[in-house]
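Undergrad: Let me give you the structure first, and then I'll get to my questions.
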Amino acid sequence: MEGIQLRFMLVYRGGVVPDDQLDQNINELWGWLDNLKENGYEKVRFAGSGRKIVSRDSIKDYSGDIFGVSIIEAGSLEEVVSLTSDWPELQYGGKIEIVEAIGD
């Protein structure tokens, strides 16, 4: 990780994990995240589940599939895409949204 570093937010959307694979999947997810951090990419991690959706007209219970986000630094969008290629949740239909920070 040399040179100019760009900031990205990874938004993790869960897939459908079979009940008999839940424990293994959770361990693999934490290991994958820990690897991002140990290699200097992940700067902030937030794992959790949604609680409320606030709009101008209402406050509703969250029913989406986001279960966490990471703020990472990398040299390019292509580098980030390559980092996400082995995310354990992909095999269960999970998705990662990659958002690049604007400005400093």
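All of the numbers you see were taken from the coordinates with simple rules; none came from a lab. Being a predicted model, the structure only gives us computed values, none of them experimental. Here the Cβ is made from the backbone with ideal geometry for all residues, glycine too, and neighbour counts use every protein chain on show.
Undergrad: Report the local net charge at GLY64: Lys and Arg +1, Asp and Glu -1, summed over other residues whose C-beta lies under 14 Å from its C-beta.
TA: On the way: positive: ARG13, ARG51, LYS52, LYS60, LYS95; negative: ASP61, ASP65, GLU97.
Here the charged neighbours net out to +2.
Undergrad: Where the only charges are on Cβ atoms (+1 Lys, Arg; -1 Asp, Glu), what is the dipole of the chain about its Cα centre, to the nearest 20 debye? Can you show the working numbers first?
TA: Details: 10 positive and 19 negative charges, 122 e Å.
Computed charge dipole of the chain: roughly 580 debye.
Undergrad: Something else now. In what order do SER58, SER70 fall by count of nearby beta-carbon atoms within 10 Å, going from fewest to most?
TA: Arranged by neighbour count, lowest to highest, SER58, SER70 become SER58, SER70.
Undergrad: Could you give the spread of the C-alpha atoms of region 4-104 along their three principal axes, from largest to smallest, in whole angstroms?
TA: Extents along the principal axes, in whole Å: 41, 41, 19.
Undergrad: Output the relative contact order of the chain, whole-number percent, from Cα pairs under 8 angstrom with separation of 6+ residues.
TA: Working: 151 pairs, mean separation 52.2, N = 104.
About 50 percent, as a whole number.
Undergrad: Now a separate question. Within a Cβ distance under 11 Å of ASN35, other residues only, what is the Lys/Arg minus Asp/Glu net charge?
TA: -4
Undergrad: Give the cross-link partners of LYS60 among the lysines, using a straight C-alpha distance below 16 Å as the criterion and excluding same-chain residues fewer than 8 apart.
TA: Hits, sequence-local ones excluded: LYS52.
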